[in-house]
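The values are calculated or read from the model by the stated rules, or taken from the named source; none is laboratory data. This structure is a prediction, so every number in the text was calculated from the model and none was measured. Neighbour counts are summed over all protein chains in view; Cβ atoms, including those assigned to glycine, are modelled from backbone coordinates with ideal geometry.
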Amino acid sequence: MRILIISQYFWPESFVINQLSRTLVLQGHQIVVLTGKPNYPNGDVYPGYAIKGNQCEWMGNVEVIRVPLRPRKSNNGIDLFFNYISFIWSGLLRFPFLVKNREFDVIFVFAPSPITSAIPAILLKYLKRIHLAVWVQDLWPESLAATGFIKNKIILKMVSYLIRWIYSCSDTLLVQSEAFIKQLSDLTNLNKVIYYPNAIGDMQKQCKQNKHSQLPEHLTTLLENNFCLVFAGNIGKAQSVETLIFSAQLLNSYPNIRIVLVGKGSMLEWAKQEVARLHLSNVTFAGSFPQEVMPLIFAKAKGLLVFLKADEIFSYTIPSKIQAYFSAGQPVIASIDGEAARIIKDAGAGLTCAAEDPKGLANLMIQLFRMEQIERDMLGSNGRKYFLENFEIEQQCLRLVDILESRIADKGVDVK
């Protein structure tokens, strides 16, 4: 297939769409990506990229065309608003000319927040008269309200009308969680909605391939000499970092249990200040690492942590780190509600408690610490089996192409 991918975020930013694109090319498909200048999560355009003008480059055999946007800067609400709007504006003005004489079978939009990145794709759909598929990663406007970025009910209502329009213009809506389907029932025709989970490559295979990569000596020593529980990913408002800090306080009598946070985010500085204020010696901020190094970190961990706020919207979501954790074959410790908790339980891949339950989370860490190694290995093995059956990237890319070809055949290329 000739697939035009539109995404506000793309390599070298770390998102699941990167590996999906690489795998589709390896499977013989032609991929062109229209995206912005990389600036997530720090807020500044990455070195080597100009703020102004278009740029073209290649990620292996994936052609990447970038348009200018306003960087996220401080990641506050105003900066994010202008960041989102600037991508829409650049996309509407520039995308039609950048692919003017090129033919594609389908437009595929990767749509984490903001789903508004689908707006330029809608224009291209009508100009090129081709199928538009949108991969929905977050529920809007619910996620805006849950994270506190927008509280005004009138604005949230206006956003809901915009989302309804985006869905109506889409020919196929892929959702990363089965729980999303019911939530979309009031916004669109469910006949176009299909469950398509986030997928990643095999972390254990990557660990073997990158066996010559090295971690900093101090991190290796920490991981090998302690019972380390690792959290990897965005340390933001949705993650309920407060819960983890409170849990760490309750673990003072277990000096061998260490919590290691890998990543960045809007709540990182707050978390560091709290750890310093409370004089917690069992929490380590390891910083960020390239994606290829993460399998090595996971392999040395005794368990992997995930936690989210106790908000209804987050109970529908499956954080992408779940797939990575399952793939690594390590036990999962989760303070989380809803769909993600259900999958962990169904897979038999770890231990769960309610979201925002610091005492419950601390007790889970202690429970895992007291387990025999054979019991921990079983949890990891169960998660890995579930990953191979449901989240492995090569199989899921084959399924994606089958879905798109079937949907195009059913609907043709007629524009609504």
Restricting attention to the range 256-310, and to residues there that are outside any strand (DSSP E or B), polar (S, T, N, Q) and touching a residue at least 40 places away in the same chain (Cβ under 8 Å), which single residue is surrounded by the most Cβ atoms within 10 Å (Cβ to Cβ)? SER266
Which numbered condition TYR386 fails, given (1) free of Cβ contacts under 8 Å to residues at least 40 places away in the same chain; (2) among the hydroxyl-bearing types (Ser, Thr, Tyr); (3) in a helix (DSSP H, G or I): (1)
Filter result for VAL16 (of a type in the set (A, V, I, L, M) and touching an Asp or Glu at 6+ places or on another chain (Cβ under 9 Å)): no
How about the range 1-41: which of its residues are over 19 Å from TYR196 (Cα atoms) and surrounded by fewer than 16 Cβ atoms within 10 Å (Cβ to Cβ)? ARG2, PRO12, LEU26, GLY28
For the range 346-358, how many residues are buried (at least 24 other Cβ atoms within 10 Å of the Cβ) and either part of a loop (DSSP other than H, G, I, E, B) or within 17 Å of the chain's Cα centre (by Cα) (or both)? 1
Kindly provide the set of residues from the range 325-345 that are crowded, with 24+ Cβ neighbours inside 10 Å and among the small types (Gly, Ala, Ser), ordered by number. SER327, ALA328, ALA334, SER335, ALA340
Which pairs turn up if I take residues in the range 46-64 that are under 21 Å from GLN30 (Cα atoms) and look for partners that are loosely packed, with under 14 Cβ neighbours inside 10 Å and of a type in the set (Phe, Trp, Tyr) with beta carbon separation below 7 Å, at least 6 apart in sequence or on another chain? VAL64/TRP58
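If you check GLY360, GLY303, which single one turns out to be farther than 24 Å from THR220 by Cα and either touching a strand residue (DSSP E or B) at 6+ places or on another chain (Cβ under 8 Å) or polar (S, T, N, Q) (or both)? If you could, list the steps in order and put the result at the bottom.
Details: GLY303 fails: farther than 24 Å from THR220 by Cα.
When all the criteria are applied, what remains is GLY360.
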Go through (1) touching a strand residue (DSSP E or B) at 6+ places or on another chain (Cβ under 6 Å); (2) in the same structural domain as PHE326 (by TED's automatic domain parsing); (3) not in a loop (DSSP other than H, G, I, E, B) for LEU184 and report which single condition fails. (2)
